[in-house]
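Okay, so here's the structure we're looking at.
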Amino acid sequence: MKSIAEYLNISVTTVSRALSGYDDVSPNTRRQVEEAVVTLGYVPNLAARRLVTGKSDAIGILLPVSYGDMRDHFLSHFLLHFGRSLHSHNPNLDLIVSYAPEGEEELSTYQRFIDSQRVDAFVVMRTRKDDARVNLLLENKVPFVTHGRTLSSEKHNWIDTDAITGFELATQSLINKGHKNIVLMNLPERMYTSDLRLEGYQKAMRQAGLMPEVYVTEVSDNIPHRLSLALLKRQNAPTGFICASDVIAHEVVKAAKELGIDPCADINVIGCDDLPVSTLGDPTISTLKSSFEDHSNAIISILQAQMNGHLTLPRNKLINYELIERQTSENITIN
């Protein structure tokens with residue numbers, strides 16, 4: 001700013017106020033400053049500005065996965081869309097992504113980010129029923145939005161998918177095809193969304209007079225594959241699979257092919273989230289889809305309102321699922 005002031009023979013204060021948008025600077029002076037910025041290649045010193053404003057101009061996401069483990073298809077896909085949406089909303093806001101895997105160091109990592117003011121707000125992923133991360137952020141009065149609900153959702157901002165309606169829809173679609181032996185391969189019980197998926201599945205099964213059969217599995221570490229093999233080898237093997245993730249559904253299809261079972265003719269499989277794994281393989285996998293752009297835009301809108309002091313009560317948004325029928329469920333009818 002000093003260089004611009006000397007170049008234009010005006011005060012540093014005038015340059016500062018022109019760049020900050022104050023209306024006591026004449027339009028002509030503001031135009032001259034803006035032209036000088038381009039001519040001199042001025043780039044604001046963010047570190048200095050953050051010292052003055054007390055803001056980092058950044059949003060943080062601490063991934064609840066092991067350090068360096070980016071095999072989580074959902075989180076990778078979410079980050080891609082969220083980063084793109086954030087840039088569209090405000091190119092001056094940075095996205096800082098780090099790791100805070102579940103365990104003893106998770107809360108200390110959050111606290112370190114809070115104490116150092118490294119970010120102005122957080123997006124909390126993979127919410128749990130009683131989520132210590134949420135409690136910590138509420139105690140520190142830090143702006144945040146959770147992607148998913150918790151047992152204390154009435155106290156904080158969140159966006160989520162309508163998993164109850166979505167999984168009822170998916171289950172009912174298999175019931176309508178004549179399936180009676182339909183299993184739910186669900187996410188771990190510590191995650192709030194697992195209860196919602198279970199509720200939708202059970203509702204459709206009980207209304208049809210069918211017995212629910214539920215299995216809980218982690219998404220990684222080959223657990224879904226081993227479980228799929230065990231289920232498909234049973235004498236009374238399921239013919240319908242409702243999977244809480246496309247990654248789980250992919251493992252069901254993989255196991256079926258290994259056993260000589262046609263995943264398009266002998267069984268039906270429906271996943272969730274419309275991740276790339278559902279369309280890149282052979283066969284393509286039916287799925288429950290919701291828009292990652294809608295998720296991202298809703299989170300950013302709430303965060304910006306909160307960061308600007310325009311949000312006094314918790315806000316939330318529920319996003320619907322759409323059933324996308326592909327090869328693993330579009331052609332079979334059980335008699």
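The values are calculated or read from the model by the stated rules, or taken from the named source; none is laboratory data. Given the structure is predicted, the values throughout are model-derived calculations rather than measurements. The area values use the complete protein model at the heavy-atom level, side chains included, leaving out ligands, DNA and RNA. Shrake-Rupley method; radii C 1.70, N 1.55, O 1.52, S 1.80 Å.
Assorted remarks:
- Heavy-atom accessible area, probed at 1.4 angstrom with all protein chains present, ranks 104, 168 as 104, 168, highest first.
- Residues whose amide H comes within less than 5 Å of that of residue 213, counting only those at least five positions distant or on another chain, are 184 (H built at 1.01 Å from N in the peptide plane).
- Long-range HN-HN contacts of residue 320 with modeled amide H, under 5 Å: 162
- Region 79-177 gives an Rg/Rh value of 1.06, both radii derived from C-alpha positions and Rh following Kirkwood.
- When the surface is traced with a 1.4 Å probe over the full set of protein chains, residue 261 keeps roughly 40 Å² accessible.
- Listed residue pairs exceeding 26 Å between alpha carbons, taken from 177/254; 180/257; 129/180; 254/289: 129/180
- Accessible surface of the chain, 1.4 Å probe, proportion on carbon and sulfur as whole %: 49
- Shape class of region 163-290 from the alpha-carbon gyration tensor: rounded, with the ratio a/c of largest to smallest axis under 1.5.
- If you model region 1-44 as an ellipsoid using its alpha carbon gyration tensor, with each semi-axis the square root of five times an eigenvalue, the axes come out at 15, 10, 10 Å, biggest first.
- Under-5 Å amide H pairs with residue 128, H placed in peptide plane, nonlocal only: 192
- Residue 191 contributes about 20 Å² of solvent-accessible surface, heavy atoms of the protein only, 1.4 Å probe.
- Per residue, the chain exposes 49 Å² of solvent-accessible protein surface, assessed with a 1.4 angstrom probe and all protein chains in place.
- Residue 203 sits with roughly 100 Å² accessible to a 1.4 Å probe, with DNA, RNA and ligands left out of the calculation.
- Taking N as its residue count, the alpha carbon Rg of the chain over 2.2 N^0.38 Å: 1.25
- DSSP-defined beta bridges in the chain - what % are antiparallel, rounded to 5: 10
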